[in-house]
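Visitor: Let me give you the structure first, and then I'll get to my questions.
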Amino acid sequence: MTQTLSPNASLLPEATSEHSTSPGRLVVLTGPSGVGKGTLLKRLRQQHPDLYLSTSATTRAPREGEEHGKDYYFVTRDRFEEMIAAGELLEWAEFAGNYYGTPRQPVEVQIERGNQVILEIELKGARQVAQSFPEAFKIFIVPPSPEELERRIRDRGQDDEAAITRRLARSRVELDAADEFDLQIVNDNLEQAVAKLADVLL
Ligand SMILES: Nc1nc2c(ncn2[C@@H]2O[C@H](COP(=O)(O)OP(=O)(O)O)[C@@H](O)[C@H]2O)c(=O)[nH]1
Ligand SMILES: Nc1ncnc2c1ncn2[C@@H]1O[C@H](COP(=O)(O)OP(=O)(O)O)[C@@H](O)[C@H]1O
C-alpha cells in the first residue's frame, strides 16, 4: 500500500538516522541554473554516498553523460502529463520550456523510514513544497555575482543560446526570491560552499 505523506507529517530536522523511529526530513535545494547546485551535491555525495537525493522526472533531453534513472527519469510530455493526472508527483513545474517533477512514492518511503531526502528543484516547486510541508528546510544557493552566473552557464557548454537566454531570464526571478529560504549559501569557493552544505545536511 502506498503511504501518503500528508501535509501534517512532521519532518523534524534532527531525524536523519537510517534506524530512527522519528519521521524523516525533507530538504529543498534551490538556486538559479548554473549556480552549481549539481556540482555541490555531487561533491557532497562523493564524500557521503548514503546521502539520499530524489531523482526527478523531466521532459528535457538528456545531456551528454546523463543517465536515465540516475540523473533524471527522461520521459515524454505525454508520460509526464499522465504522471500529473495520476497524482504521482509530489510537486512539478515547467522550467525553460520543459516539465520537471518529483516522483512522490520514493520520497514518502524514505521519509517513513526516518531518512533525510534532498530535493534539488526550481523556485515554483520549492514554493509548492513549502505550502504542503511547512517543516521542510529550504536552502538557496547564491552565485557570487550575475556575471559569474552567466559565465558558469556558458562555460558548462550544455545549453544552446535560446536555452541560455531562458535560464538567465529565469535566474533573475529566482534570485529575487532568495529571502523566502531558511538558509542562503554563496557558491564562490566550491570547497567552502560544500562544507557549509555539509554542516546542515550531515
Ligand atoms: N520543480 C522542480 N524543479 C526541478 C526538478 N528537477 C530539477 N529541477 C530544476 O529544474 C531546473 C533545470 O534543471 P536542468 O535542466 O537539469 O538544468 P540545470 O539545473 O541548469 O543543470 C533546475 O533549477 C533544477 O533544480 C523537479 O523535480 N521539480
Ligand atoms: N564554486 C564554483 N566555482 C566555479 N565554477 C563552479 C563552481 N561551482 C560550480 N561551478 C561550475 O559551474 C557550472 C554550473 O554548475 P552546475 O552544477 O551544473 O549548476 P546547476 O546544477 O546549479 O545548474 C559547471 O560548469 C560547474 O563546474
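Visitor: Label the chain by shape, choosing from rounded, prolate and oblate, from the square roots a ≥ b ≥ c of the eigenvalues of the Cα gyration tensor; if a/c is under 1.5 it is rounded, and otherwise prolate applies when a/b is larger than b/c, oblate when it is not.
Guide: Oblate, since a/c reaches 1.5 and b/c is not below a/b.
Visitor: What share of the DSSP beta bridges in region 25-201 is antiparallel, in percent to the nearest 5?
Guide: Percentage antiparallel, nearest 5: 30.
Visitor: For region 128-137, just list the computed ³J(HN,Hα) in residue order, Karplus coefficients 6.51, -1.76 and 1.60, θ = phi - 60°, integers in Hz, with x standing in for Gly and Pro.
Guide: Calculated HN-Hα couplings, in order: 4, 5, 4, 5, 7, 10, x, 7, 4, 9 Hz.
Visitor: Can you classify region 68-184 as rounded, prolate or oblate using the Cα gyration tensor, where a ≥ b ≥ c are the square roots of its eigenvalues, rounded means a/c under 1.5, and otherwise it's prolate if a/b beats b/c and oblate if not?
Guide: oblate
Visitor: Next up: Which whole-number percent gives the relative contact order of region 44-202, counting Cα pairs below 8 Å spaced six or more residues apart?
Guide: With pairs under 8 Å counted, the relative contact order is 20 percent.
Visitor: Could you name the lysines in cross-link range of LYS124, using Cα to Cα under 19 Å and dropping any fewer than eight places away on the same chain?
Guide: LYS37, LYS138
Visitor: For region 53-130, report the % of Cα-Cα distances exceeding 22 Å.
Guide: 19
Visitor: Ok, one more. Mind ordering 102-111, 27-36 by average Cβ neighbours within 10 Å, highest first?
Guide: 27-36, 102-111
Visitor: Follow-up. Compare the peptides 160-169, 189-198, 62-71 by average per-residue count of other Cβ atoms within 10 angstrom and give them in order, highest first.
Guide: Highest to lowest by the protection proxy: 189-198, 160-169, 62-71.
Visitor: According to the square roots a ≥ b ≥ c of the eigenvalues of the Cα gyration tensor, what is the shape class of region 152-195, taking rounded for a/c under 1.5, prolate for a/b larger than b/c otherwise, and oblate for the remainder?
Guide: Oblate.
Visitor: While we're looking at this one, here's another question. At a threshold of 8 angstrom on Cα-Cα distance, excluding pairs fewer than six apart, so keeping six or more, what relative contact order does region 52-112 reach in percent?
Guide: 37
Rule-based calculations on the coordinates, nothing more; no lab input. All of these numbers come straight from a predicted model, not from anything done at the bench. Note that each Cβ is placed from the backbone with ideal geometry, even for glycine, and that neighbours are counted across all protein chains shown.
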